[in-house]
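Take a look at the structure set out below.
Taken together, the values in this text are just the output of simple stated rules run on the coordinates, not laboratory data. From a predicted model like this one, the values you see are computed outputs, not experimental measurements. Reconstructed Cβ throughout: ideal geometry from the backbone, glycine too, with neighbour counts over all protein chains shown.
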Amino acid sequence: MGRRKPNETMRLLVATFIGIVLGFFLGVSFPTLSLTKLNLPSSLFPSIDLTYIEDKYSGLSTQALLNAWSSLQGKDGSAAEINEFNESRIWVPTNPRGAERLPPGIIASESDFYLRRLWGSPDEDLKMRPKYLVTFTVGYEQRKNIDAAIKKFSEDFTIVLFHYDGRTTEWDEYEWSKNAIHISAPKQTKWWYAKRFLHPDIVAAYDYIFIWDEDLGVEHFNAEKYLRLVKKHGLEISQPGLEPNNGLTWQMTKRREDSEVHKDTEEKPGWCSDPHLPPCAGFVEIMAPVFSRNAWRCVWHMIQNDLVHGWGLDFALRRCVEPAHEKIGVVDAQWIVHQSVPSLGNQVRPKALIALGLSFIDMVFTSLSFKSCQGKAESGKAPWEGVRERCRKEWRMFQERMSSAERAYYVSLGIDPPNSTTAR
């Protein structure tokens with residue numbers, strides 16, 4: 001090749017310099033560049049996950065790179081020095097999501113409800129660590145009933161009260177209340193509270209979680225004896241048996257006098273498509289359920305944010321344990337009475353519902369909905385009617401969502417969906 005002319009060489013140098021300057025200022029002006037938004041052909045990077053690269057290095061802004069470059073000024077800029085800079089930045093992909101920049105030894109991925117002091121040494125705060133958690137969704141009018149219930153739970157239980165009426169300080173008349181956790185939000189149900197305050201990583205310190213209503217008679221119940229039977233019979237999800245003559249809806253939850261625990265029953269003809277499916281097996285009601293830590297982790301994820309009554313959830317609990325007909329059951333030897341107290345917004349008693357000419361399923365929804373939500377009279381309808389309609393709507397919505405999710409899952413695998421058994 002012939003030698004370049006001096007003026008051509010000068011033009012080339014000037015163009016190169018201008019390109020470098022422009023590139024520098026463009027980089028400063030656009031500090032963040034999303035690789036995933038460039039729509040680069042996958043054939044160019046067949047084995048590179050651009051999303052992973054973007055997530056991993058998103059914290060290195062242009063300014064940070066400039067600072068790093070400045071710190072290397074005056075050095076020889078060797079590969080060893082650059083590698084030393086990269087390795088000094090913590091990034092642990094196996095850490096919990098969002099904590100990749102932390103050294104593993106400092107991460108506290110779980111929490112608890114243990115009360116701490118504001119003074120002294122932290123390692124001396126707790127004289128004991130309760131192994132179990134019991135929650136009640138309460139109104140102040142039911143304080144005497146709750147006081148009687150909580151006395152059935154030992155110091156090995158952390159107590160959490162969810163207040164739907166906003167009255168929390170009044171409970172200080174009870175000594176145990178001063179060591180309880182009080183959470184208040186107006187006119188909410190226990191499943192609304194459970195979804196927002198009982199995340200599995202919050203209650204991970206507890207072996208079993210009781211999520212109970214406020215209208216339960218506990219004269220024949222002892223929590224410690226109850227848990228011994230739960231462990232003995234391998235129950236992951238359970239409830240105490242119900243006194244047959246008070247507030248009974250399903251045969252499955254009816255107390256039996258001749259057994260410690262039962263796991264199945266016979267219902268009316270046509271109610272159970274399979275003897276191992278709800279409500280004949282793998283079934284407890286949502287008024288007084290008890291979950292193991294592992295079962296609750298699954299159930300919490302299944303609770304829907306907008307379906308606050310929880311209707312239909314009891315028919316789906318079986319999905320969280322396997323085999324459900326062996327690990328879900330009713331403890332007969334420790335039993336309770338469902339008082340069906342209409343404490344939230346209406347004073348129609350369940351016995352009076354028969355006089356209203358309601359169907360069986362309407363009576364189920366109506367009699368059980370009083371304690372679940374404070375109703376409101378609208379469009380000429382009584383408060384209990386609005387609650388009943390909401391309960392029925394939620395039941396249908398939950399069933400449809402579960403069926404749709406199951407169907408989509410099986411379709412994604414290229415197989416025919418089995419018949420849905422979400423609810424009766």
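From least to most packed, judged by other beta carbons within 10 angstrom and beginning with the fewest, M10, M128 follow the order M128, M10. For a test of the definition: using alpha carbon positions, the gyration tensor, and the 1.5 limit on a/c, classify segment 218-286 as rounded, prolate or oblate. It comes out oblate by the Cα gyration axes. Compute the label zone of A148 within segment 212-239: residues whose backbone N is under 18 Å from the point 7 Å along Cα-to-Cβ. Flagged as within label range: 212-223. Test of understanding: what is the full-extension gain from E170 to E266, defined as 0.36 nm times their sequence separation minus their Cα-Cα distance? This chain segment gains 30.0 nm when fully extended. Placing a pseudo-label 7 Å from each Cα along the Cα-to-Cβ vector at R101 and S88 gives an inter-label distance of 1.6 nm. Counted residue by residue at 0.36 nm each, then reduced by the alpha carbon distance between them, the extension gain from A382 to H199 reaches 62.4 nm.
The modelled label-to-label distance between H233 and M10, using points 7 Å beyond Cα along the C-beta direction, is 9.8 nm.
Set the Förster distance to 35 Å, then compute FRET efficiency between Q304 and A108 from the Cβ-Cβ distance, nearest 0.05.
Values: r = 29 Å, r/R0 = 0.83.
In this case the efficiency is close to 0.75.
Pairs over the 32 Å Cα-Cα cut-off, from the set K268/K327; K152/K376; K151/K268: K152/K376; K151/K268.
Residues of segment 157-194 falling in the label zone of R401, defined by backbone nitrogen less than 12 Å from a point 7 Å along Cα to beta-carbon, are 192.
A simple spin-label model places the labels of I415 and R293 3.2 nm from each other, with each point 7 Å out along Cα-to-Cβ. If R0 is taken as 60 Å, the Cβ-Cβ distance between S259 and W119 corresponds to a FRET efficiency of 0.70.
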